[in-house]
1. Just name the residue that is farthest from B:Val259 (Cα to Cα) out of those in the range B:96-122 that are under 15 Å from the mean Cα position of the chain (by Cα) and modelled with pLDDT under 95.
2. Restricting the search to the range A:468-487, which residues are surrounded by fewer than 24 Cβ atoms within 10 Å (Cβ to Cβ) and within 30 Å of A:Val82 (Cβ to Cβ)?
3. Identify all residues within the range B:164-198 that are of a type outside the set (Val, Ile, Thr), within 14 Å of chain A (Cβ to nearest Cβ), touching a helix residue (DSSP H, G or I) at 6+ places or on another chain (Cβ under 8 Å) and not in a helix (DSSP H, G or I); write none if there are none.
4. When you look at B:Ile84, is it more than 30 Å from A:Asn351 (Cβ to Cβ) and facing chain A (nearest Cβ under 10 Å), yes or no?
5. Can you find a residue in the range A:490-497 that is among the small types (Gly, Ala, Ser) and away from chain B (no Cβ under 14 Å)?
6. Go through the range A:519-536 residue by residue and tally those that are closer than 16 Å to A:Ala570 by Cβ, more than 24 Å from the chain's Cα centre (by Cα) and surrounded by 21 or more Cβ atoms within 10 Å (Cβ to Cβ).
7. Counting residues that are in contact (Cβ under 8 Å) with a residue 24 or more places away in the chain and either touching a helix residue (DSSP H, G or I) at 6+ places or on another chain (Cβ under 7 Å) or more than 11 Å from chain B (Cβ to nearest Cβ) (or both), which strands (runs of 3 or more DSSP E) fully inside the range A:337-404 reach at least 2?
Amino acid sequence: MTAVSQTRQRIAWTVWTFLLIASLAAVRALNQNALASLPHDESVSDLRFGFQLAEAAKRRGVDFVHEAPTFDSRLDHIMPQVASTGAAVSVADFDKDGWQDFYVTNSREGSLNRLYRNKGDGTFEDVAQSVGLADVNRRETGVSMGAVWGDYDNDGYEDLFLYRYGQPQLFHNESGKRFVAAGTGFPRWVNANAATWLDYDRDGLLDLFLAGYWPDDVDLWRLMTTRIMPESFEYANNGGRKYLLRNRGHGAFEDMTAAVGITSRRWTLAVTAVDVQGSGYPGLFLANDYGVSEMFVNRGGKRFEDVAVETGVGRAPKSGMNAALGDVFNDGRLSIYKTNISEPGQLVQGNDLWVPKTAGSGLPAFENLATTLGVDLGGWSWGAQFGDLNNDGAQDIYLVNGYISAGERSSYWYDFSVIAVGHSSIIGDAANWPAMKGRSLSGYQRKRVWINDGFGNFTDVAQAVGATDTNDGRAVALADFRNTGVLDVVVANQRGPLLIYENRVAPGRHWIQFELEGTKSNRSAIGARVELHWNGHVQAQQVTAATGFSAQNQRGLHYGLGQARTVDRAVIRWPSGLEQTIANPSVDIRHHVKEPDGR
Amino acid sequence: MAGDANALSSAQQVPAPRGRLLTIDNRYLPPLLITSILVGANLSFGILEGWERTALSIVVAIGAEMVLGRITYGKWPHPASAYISGISAGILIRSPFVWPYFFTSVISILSKYVLRLKGRHIWNPTNFGVSAIVLLAPATVTVLSIQWGNAVAPMVVIWLLGALIVWRVGRAHISATYVAAFLVFSFVRSALTGVPWLATVAPITGPMYQLFIFFMITDPKTTVRSKKWQCVVVVMVAFVEMLMRLAEVVYAPFYALFVVGSIAMVIDITRESRSSRQPS
């Protein structure tokens, strides 16, 4: 080798060494940057982000702690995992007094669910016992996993559909005074974690979609075999059946699942109804655990077709636990937010924010912008909702997380990671799963409150605004409990306290709400879409039943307006197909809008 | 894994009785087969986050190799080795971000040119790159942990293909020894921890381990010379991995190879250097 080439190689080696060190340092810095969130700083005004949250459940008269079920003793070694859901919250004005109430589920055998009636003075009282919605958790009929409000008979009162690991149950609301068991045509037993109302055939009657998680033939209290676990961490197709129940009127429901072509056996944890192609017929987005998401488009009320792969949302298998809709860029496009699992050093799936590339009719392609917009890393994420928390005109995200908070200095992650990569012959048998022995699994996690700057850039301000609990969060719902034009936050925690975060918004920020009532459409107006045009912005929202995880927001749609004092127009697309425009609606009030051309 | 293609070219210099099987040039066999496996698996099971990220890893690895090799040695290096490094990184790492795919490839290739002793690089490039990225960026990067679907058949096909490749290039003894050692040590772990044996052995049924066993620990450029000591080293890798697993280190195989493999290489290179200086 010549002296020149030796010198050249030495110089090159020096440069490459510098580049290697610089690369390693860059990786470290980028990793730290991804974790950034704004801390609480007492020296700064607590309204610097436009709002502040203060937990006030007990002060409001709500003192509820969720309790989990106890299944077959052969699952004792992993009981916290298999009994890890059931804390749910659903908001509705059940007695039509103009104040938002909410229903929470409990899951221990013999425990009582609660219906918190809003007294109008900032406090709540539990009336579940008196109205007949409390004592619904029995070994014989199963334990509650969630509930969803919807007026199935169009009598003006919101009825309640309760889903369980057990017998699903519909309760008819008798003028806000009591609830009676109602309905026929329901399956005998479904191990369900998700359900929603939708009028899939647009006949003006709300239908039901119920999604099983565990296989239907599994009685978790009396196992015939321990081979009940998902057959894979990514490709599990041995979960529960799905049910599309058509409302035939007078409380009669008919199973149309096979007829419309839904054969999914995935492990569904969340579902929301959404019309992604603008056809007027609502489809379904399913967030599935142990596998890919499913997106069923509704072909004229006759058939459902899974287009998840085609649209891009169903290609990468993850651990889906949430389905929420939000207009992230204020451009009229509804995005879908799905939560997954992210644990440093173990599993980094990242949450998904599926943004349609086009608006309007036709099947859109979706792109995942969660990482780009900074809403991907949410820990072991569960429920999340879109809502304008600071009334600045942009939809923010409130996310709860945390799986199992047990021993504070212990972690089950290593054992979990070992079994999760195993072949289906290994992972499918609960007997092969390592015992938890009181260890935590992604426990004690801090929540995320991502505020949107209006251009789709999100910043986590949870610690700064007061969302500082570290419970194992499951369901989160948003509601204007005090009728002040501000969204409060109610959180249902697994094996933990129900929390109500009272929201204080900076003065000078305006808002508008729309409470819709269908006439030709279903009376709850579920499926209606409202586009608000103001100050050069347009924001779309949809009236939904289920949204998030085991949660339901208030029915009325809330829009923050920032400093704007006027609105150009609100364009309502009713489920019946009718389009209605309200010009210059007044701000800072809730508009009750009845669908024109009544019955 | 990165040196496999280059080493295969050296294998060609000694006529191989197995050369009649699969008459493709040995240098291209591993890249061809690993690409086929990747394409087939992604089309069937969607194992990748997206084609773009894997493509980025490959392009960056090849680009880095071309630049570094040209500048350092004044000639264009063969791209097969860098291709293996890039595709390995693209398959093995998982992240919602794009930058890890870029940096894993860059770090892998840079390690070949920086961390050298007596003209030989010490670490398998992919092992170095993956180990570095998961150690430094735990919140944003993890390692492939999914399966080739639910059926047994794909797993069997991968095992057979992998076994064929390593047999073809005369490295089957390394893979076989490691597998045997892993199984034995998994019994030991199960006995010590009380965890069901099937759970302790579960990881070896996944694609990550198959890539590790067939392409990473067999890299001729970063394994010691004699067959006997190659087997001894992989048993040590499996043993250190066992210790790390008892300490609940998730990326135990990568870190074990990182530690044991490099020590073995330093010893081997030093001994080779001394013996070459001794008068004959």
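1. Once the filter is applied, the top-ranked residue is B:Lys112.
2. Filtering the range A:468-487 down to residues surrounded by fewer than 24 Cβ atoms within 10 Å (Cβ to Cβ) leaves A:468-470, A:480, A:482-486.
Residues satisfying the conditions are A:Thr468, A:Asp469, A:Thr470.
3. Residue satisfying the conditions is B:Pro196 alone.
4. Working: more than 30 Å from A:Asn351 (Cβ to Cβ): yes; facing chain A (nearest Cβ under 10 Å): no.
No, not satisfied.
5. Going residue by residue through the range A:490-497, those that are among the small types (Gly, Ala, Ser) are A:492, A:496.
Subset that is away from chain B (no Cβ under 14 Å): A:492, A:496.
Yes: the range A:490-497 contains one or more residues that are among the small types (Gly, Ala, Ser) and away from chain B (no Cβ under 14 Å).
6. Keep residues of the range A:519-536 that are closer than 16 Å to A:Ala570 by Cβ, which gives A:525, A:528-536.
Subset that is more than 24 Å from the chain's Cα centre (by Cα): A:533-536.
From the residues that got through so far, the ones that are surrounded by 21 or more Cβ atoms within 10 Å (Cβ to Cβ) too are A:534.
The total comes to 1.
7. A:352-356, A:381-387, A:396-401
Residue by residue, here is whether (1) at pLDDT 90 or above; (2) of a type in the set (A, V, I, L, M) holds:
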site: B:Val234; (1), (2): yes, yes
site: B:Val237; (1), (2): yes, yes
site: B:Val240; (1), (2): yes, yes
site: B:Tyr251; (1), (2): yes, no
site: B:Tyr255; (1), (2): yes, no
site: B:Phe258; (1), (2): yes, no
site: B:Ala264; (1), (2): yes, yes
site: B:Gln278; (1), (2): no, no
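The values are calculated or read from the model by the stated rules, or taken from the named source; none is laboratory data. Computed from a predicted model, the values in this text were never measured in an experiment. Because the Cβ atoms are built from the backbone with ideal geometry, glycine has one as well, and the counts that use them run over all protein chains shown.
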